[in-house]
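Encoded as structure tokens, the structure appears first; notes follow it.
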Amino acid sequence: MSDAFDFSVSPFDRLTPEQRQRLVAALDLGVYVRDGVILSRDEPADCLFVVRQGLVHERRGGEVVAVHGAHDSFDLQALFSDGQARSFVAAEDTLCDLVPRPILLELAHENAAFGALIQQEFADRLSALANERSNRETAALTMARIRQAYLHPPVFVEAGASLRDAAAAMKRNQASSVLVREGDPKNGGPESRGRIGILTGTDLRDLVVLEGRPVDSPVGPLARYELLALDRDDLLFNALILMTKHSVRRLVITEQGEIAGLLEQTDLLAVLSNHSQVIALRVDRAATPEDLGRASQDIVGLIRTLHGTGVKVSFIADLVTELNRKIFRRLFELLAPPDLLANACLIVMGSEGRGEQLLKTDQDNGLILRDGYDCPTLSQVTDAFTRHLVEFGYPPCPGRIMVSNPDWTRPLAQYKDSLFHWIHRPDEAAQMNLAIFYDAAAVAGDAALLAEAKGYLLGRLQDNQMFFTAFARPALAFDTPSGLFGGLFERRRNEAVDIKKAGIFPIVHGVRALALEKHMAETNTTERIWALADQGVLDRSVAGELADAFTFLSTLRLKAGLDGSVSGTQTDNLVRTETLGKLDRDQFKDCLALVKKFKELLAYHFHLNH
Amino acid sequence: MPTETIASVVANGVVAAPAPLSTVADTAGLHAEHPDRALLLSGDESGERVAIHCEATSFDAATADLRGVAALRIRGSRVLTSQRLILSFWPTEPAEPALSRLLAFIGNRPLVGYYLDFTVGLLDRLVQPMVGMALPNQRIEVSSLYYGRKAKAPGKYAVDLRLDSILRALDLPPRAGDDAYASALASAMVYLRLEPPQP
């Protein structure tokens with residue numbers, strides 16, 4: 001059967017007959033049934049999979065990012081590095097020839113042409129992955145509409161007005177240009193309405209200062225009448241092209257044929273410079289906490305732009321998480337002495353740790369110190385860190401889970417003590433602490449410290465059914481209005497629903513409890529859901545619905561947050577169903593029904609009804 | 001011992017099989033120190049299975065002469081074709097060295113095969129006199145797995161249990177030949193398709 005290996009396909013066609021024989025002799029055969037997991041998340045591969053028959057889906061999160069059919073091979077990346085956040089699942093009954101890593105390396109070493117092809121494929125895969133992210137963002141920005149940028153209200157002067165009048169109008173309206181309306185206003189009538197021209201501050205300077213025209217000459221003959229105009233619903237990108245082509249710095253923007261305002265180049269660039277890479281660059285270059293503060297303010301603009309162009313919330317969350325963590329890391333590096341950096345691990349917990357933070361919510365952070373290390377200026381550093389974050393607009397945590405609180409800035413051994421207490425003497429506060437600590441992610445310093453603390457936590461949780469029952473219970477703490485009470489829900493339509501308590505929290509906490517029970521290393525809720533599906537804890541279809549519902553509810557929450565606040569802090573979690581569109585409202589109800597179902601699953605799984 | 005052919009070994013086996021219990025116990029005592037015996041009786045820890053198939057001079061396990069054996073380990077979802085064991089038996093050569101290799105390869109792993117009763121019956125005739133007992137390994141008959149699946153769906157036709165038909169019905173590649181290796185590989189694939197390992 002081994003002769004069934006197809007050597008006509010690149011890169012295997014480069015092998016010599018003798019090498020082919022050796023390859024065939026080393027092959028194993030993988031037999032997978034439909035929906036069987038071939039390579040799970042983070043699983044390192046010991047061989048290259050070459051599909052002989054069937055179809056394999058490569059999944060990243062809930063999405064199928066690639067489909068591999070006969071003769072396709074995967075996963076070169078996993079062969080050379082573990083911890084790939086993707087899984088391979090058989091979409092049909094599948095057979096794979098398995099090329100063990102040693103023979104692949106041996107052949108690549110011997111046969112230069114074969115090795116080069118393998119290397120090329122590897123490089124292509126990596127760059128494709130790297131491009132994917134920046135492409136999605138760039139695509140979103142090129143889709144931005146002029147509507148999303150700030151428009152200066154138009155300032156009109158009549159053609160008969162003098163240059164001085166024009167200058168006065170500019171000054172009065174803080175405008176850099178005026179529009180000149182030609183034609184005799186006394187004659188009225190739309191058809192007699194003349195052309196409209198523009199006169200800019202630069203024109204004024206040239207005309208009066210350089211050419212020496214008297215300031216009382218009328219503007220009518222001096223204005224330029226070839227206006228560059230775009231509709232308000234046109235793409236921002238087109239505006240940029242038009243400006244560059246004609247080397248002008250402003251465009252007239254019309255809406256239904258009427259002049260709506262002027263788009264200045266600076267405002268256009270302001271929208272486009274919300275690009276995450278620009279912000280990231282500024283964070284990296286920040287020399288003082290104040291620089292960081294300004295970069296941090298721009299994140300809100302980025303969220304607005306991306307959300308406005310319909311970018312998926314999970315993607316925005318990824319970006320914002322990365323930027324926030326960059327800011328935290330940079331701030332900590334600016335404040336902490338080098339030896340503290342080397343002997344401590346700055347962690348973010350809760351939603352920040354899960355990477356689900358969109359708008360600025362309470363800061364949940366802590367510091368794990370190496371045992372035996374003592375920093376004399378520790379309290380100054382931590383106080384300054386918290387104070388600066390508050391200045392940047394991250395509200396202080398009401399539970400005081402912040403580095404400035406000595407309870408959360410402690411040596412590793414004391415963290416372990418706390419974990420022990422939280423597990424073995426659970427009360428409400430301990431449960432919460434444990435929950436947010438399980439979500440922790442390392443941001444700066446030595447990540448091994450957090451890894452050790454988490455390892456200790458998971459090691460302490462061996463088959464402790466009582467513990468998990470208590471741990472999972474809060475997921476049912478808040479009522480989810482749905483199902484039987486749907487009718488009631490309709491009647492209470494005018495009452496706002498707390499989307500966090502009714503929808504998001506039960507999903508986050510329930511998934512967290514299931515993940516903790518399975519000792520999973522993931523911290524992100526969606527990733528946890530898919531990892532649970534890979535392990536067979538959740539049905540794949542249930543996992544899909546749950547992930548979708550979570551995304552939808554997060555989107556609604558972001559919308560509520562963006563509408564509810566100018567500063568970009570998340571304070572309002574209330575969704576008023578009457579303000580939702582019909583489609584959104586139906587989907588909202590479906591999501592709540594699903595959350596209800598998920599709660600029943602949790603109650604059954606963790607024996608919460610006894 | 002040039003005179004010890006397979007025929008003579010088989011004769012011994014036939015004599016030993018119907019012997020009363022006490023004799024079996026005695027034989028067992030005789031062979032108690034045989035290393036392969038401990039191997040066969042140790043607890044199964046590898047989680048692996050072995051797909052196995054025989055070639056013989058006829059299809060009657062009591063009289064056929066063994067000509068070849070192919071064995072393949074199955075680990076998780078994988079058939080370890082790279083570590084296959086293929087043995088040939090000749091009437092003029094002693095069977096013991098080859099059988100020893102086979103027993104070491106199988107160990108205590110459950111056996112997977114098509115018409116496994118024939119394969120194991122044939123092997124037992126040789127193994128019994130050598131180590132003092134028949135193969136104790138758990139047996140997994142792929143045709144009965146297939147029948148179990150087919151019988152669940154009501155139909156008026158008899159289930160076609162020929163190996164090639166099973167391969168076709170399960171959308172697996174046809175056998176590359178009719179040697180023992182091709183059949184063992186086919187059984188392994190049928191087994192993995194019908195009983196995929198649980199995550």
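Using Cα-Cα distances under 8 Å and only pairs 6 or more residues apart, what relative contact order does chain A have, in percent?
RCO, chain A: 10 percent.
Which residue, A:313, A:579, A:39, has the largest displacement toward the positive end of the dipole of the protein assembly as shown when charges sit on each Cβ (Lys, Arg +1; Asp, Glu -1)?
Towards the positive end, the residue furthest out is A:579.
For the protein assembly as shown, what does the alpha-carbon gyration tensor say about shape, rounded, prolate or oblate, given a ≥ b ≥ c as the root eigenvalues, a/c under 1.5 as rounded, and a/b over b/c as prolate?
In terms of gyration-tensor shape, prolate.
How large is Rg over Rh for region A:323-403, taking Rg from the Cα atoms and Rh as the Kirkwood inverse mean of 1/r across Cα pairs?
Rounded to two decimals, Rg over Rh is 0.95.
Using the 2.2 N^0.38 Å rule of thumb for compact globular proteins, work out how region A:1-55 stacks up: its C-alpha Rg over that value, please.
1.29
Is it possible to state the helix-based mean residue ellipticity at 222 nm for the protein assembly as shown, with each DSSP H run of 4+ residues giving -39500 (n - 2.57), the sum divided by total residues, to the nearest 500 deg cm²/dmol? What is it?
-14500 deg cm²/dmol
Amide H to amide H under 5 Å from residue B:140: which residues, 5+ apart in sequence or cross-chain, H placed 1.01 Å off N in plane?
Excluding prolines and chain starts, which carry no amide H, the hits are B:111, B:112, B:113.
Among the lysines, which fall within straight-line cross-link reach of residue A:416, defined as a Cα-Cα distance under 16 Å, with same-chain neighbours fewer than 8 residues apart omitted?
Straight-line reach from residue A:416, under 16 Å: A:454.
Where in region A:45-64 does the amide nitrogen come within less than 19 Å of the point 7 Å from the Cα of residue A:35, taken along Cα to Cβ?
A:54-64
Mind pulling the angle between the C-alpha long axis of helix A:447-459 and the longest principal axis of chain A? Nearest 10 degrees, somewhere in 0 to 90.
So the helix axis and the longest Cα principal axis differ by about 50 degrees.
Can you sort B:152, A:454, A:597 so the residue with the fewest Cβ neighbours within 10 Å comes first?
The most exposed by this proxy come first: B:152, A:597, A:454.
Explain nothing, just the number: dipole magnitude of the protein assembly as shown about its Cα centre with +1 on each Lys and Arg Cβ and -1 on each Asp and Glu Cβ, in debye rounded to the nearest 20.
Result for the protein assembly as shown is approximately 2040 debye, rounded to the nearest 20.
Determine the shielding of peptide B:71-84 by partner chains: average, over its residues, the number of Cβ atoms on other chains within 10 angstrom of each Cβ.
The mean count of partner-chain Cβ atoms within 10 Å per residue comes to 5.
Which whole number gives the average, over all residues in B:180-191, of C-beta atoms from other chains lying within 10 Å of the residue C-beta?
1
Nearest 10 degrees, 0 to 90: what angle lies between the long axis of helix A:236-246 and the longest principal axis of chain A (Cα atoms)?
For helix A:236-246, the angle is close to 50 degrees.
Students often get this wrong, so check it: of A:245/A:360; A:360/A:599; A:518/B:150; A:312/A:500, which have C-alpha atoms separated by over 31 Å?
From the list (A:245/A:360; A:360/A:599; A:518/B:150; A:312/A:500), the Cα-Cα distance tops 31 Å for A:245/A:360; A:518/B:150.
Tilt of helix A:525-534 relative to the longest C-alpha principal axis of chain A, in degrees (0 to 90, nearest 10)?
The angle comes out near 40 degrees.
For a protection proxy built on the mean count of beta-carbon atoms within 10 angstrom, sort A:343-350, A:354-361, A:498-505 highest first, please.
So the peptides A:343-350, A:354-361, A:498-505, ranked by packing, come out A:343-350, A:354-361, A:498-505.
What is the gain in length, in nm to one decimal, between residue A:383 and residue A:109 on full extension, counting 0.36 nm per residue of separation less the C-alpha to C-alpha distance?
93.1 nm
Read-outs: derived from the displayed coordinates by stated rules, not from any lab. Remember, it's a predicted structure, so these values are computed and weren't measured experimentally. Cβ: placed from backbone, ideal geometry, glycine included. Neighbour counts: every protein chain shown.
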